[in-house]
1. Label-point separation (nm) for LEU50 and ALA211, each offset 7 Å from Cα along Cα-to-Cβ?
2. So what does THR159 come to for accessible area, using a 1.4 Å probe and Å² rounded to 10?
3. Rounded to the nearest 10 Å², what accessible area does LYS88 have for a 1.4 Å probe in the complete protein model?
4. Just subtract the alpha-carbon distance of LEU29 and THR289 from 0.36 nm times their residue separation and send over the number in nm, one decimal.
5. Summing +1 for each Lys or Arg and -1 for each Asp or Glu, what net charge is found among the other residues whose Cβ lies under 15 Å from the Cβ of PRO57?
6. For HIS55, HIS158, give me the order by solvent-accessible area with a 1.4 Å probe, most accessible first, ignoring ligands, DNA and RNA.
7. Kindly express, to the nearest 10 degrees and within the range 0 to 90, the angle between helix 227-244's C-alpha long axis and the longest C-alpha principal axis of the chain.
8. Within 10 Å, count the other beta carbons around each residue, average over each peptide in 234-242, 69-77, and list them highest first.
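The values are calculated or read from the model by the stated rules, or taken from the named source; none is laboratory data. Bear in mind that the values here come from a model prediction, so they are computed numbers and not experimental data. When we count neighbours, we look across all protein chains shown, and the Cβ atoms used for this are built from the backbone with ideal geometry, even at glycine. Surface areas here come from the heavy atoms of the whole protein model, side chains and all, with no ligands, DNA or RNA. Shrake-Rupley method; radii C 1.70, N 1.55, O 1.52, S 1.80 Å.
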Amino acid sequence: KVAENSSVTEFILEGLTNHQELQIPLFFLFLGFYVVTVVGILSLITLTGLNSHLHTPTYFFLYNLSFIDFCYSTVITPKMLMSFVSTKNVISYAGCMTQLFFFTFFAVSESFILSAMAYDCYVTICNPPVYTATMSPQVCLPILLGVYVMGFARAMAHTACMGRLTFCANNLVDHFRCDILPHLERSCTSTYVNEPVVFVVVGIDIGVPTATIFISYGRSKAFSTCGSHIIAVSLFFGSGAFMYLKPSSLLPMNLGKVSSLFYTIVVPILNPLIYSLRNKDIKIAMKKTLSKKSFS
């Protein structure tokens, strides 16, 4: 038992739904999504690594996007799958904060690497003669470092703000993962610092990459050639903004959970499909790799 005003040592995640008849079908549905995501991402990473003609800045960023998606999905999905088959889905306080940290780290890193890919697309279309010099390794590596530094800084900020709170004895959290807003509702202490931090930091992490992407695509007139990328970007940033950039009182938690599914489950499964099925270079690399295996 935990005293009414003392901090809890574990949380109970309520999961996606309380309807028992849906638990097993949802388990197999999301297990299928996860398997497709992992197979698609690992295939994309393998193809990019094995084919030398894909060792370019464009595929360097795509390789890292795939790595981020793999980690991002793995941080969330296995624990969510457990909620469908467990009678009581418990996560320790330390485990919850760890999941929150890595979820934030990879989510923010994804938002900024999408910006880097948009800039790469802009340079490819608008300045092809200077592309090699503009997107040299001396430029790409610092950009990538900046992506991960931004992700780490944001993850530290959110986790530190969450760590200052004391959580009440009612440790049932209405969500399928450890997230900021549902846990703020379980705080016994004031959240006056956390709420502005969430709004401002998430606003920057969504607003700056979104502006960069649409300005880059607009100036390069790349909306027609990069339309699939725009769809994935819109889903990722749109669902994130819907979740975090509205007062929590205006967003029922059930809608919040549905919104979370888009940027935690749908986007990681879409990215490898979009960048493989709609990409000529990836198709060529796949044919070469398969033909080598068949020949051997």
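1. Calculated label separation equals 4.3 nm.
2. 30 Å²
3. 120 Å²
4. On the way: separation 260, 0.36 × 260 = 93.60 nm, distance 3.03 nm.
Gain on extension, LEU29 to THR289, equals 90.6 nm.
5. Numbers: positive: none; negative: ASP120, ASP281.
Local charge sum for PRO57: -2.
6. Working: HIS55 115, HIS158 10 Å².
Of HIS55, HIS158, the descending order of accessible area is HIS55, HIS158.
7. Result, in degrees: 20.
8. Working: 234-242: 18.1, 69-77: 21.7.
Taking the mean over residues of other Cβ atoms within 10 Å, the ranking is 69-77, 234-242.
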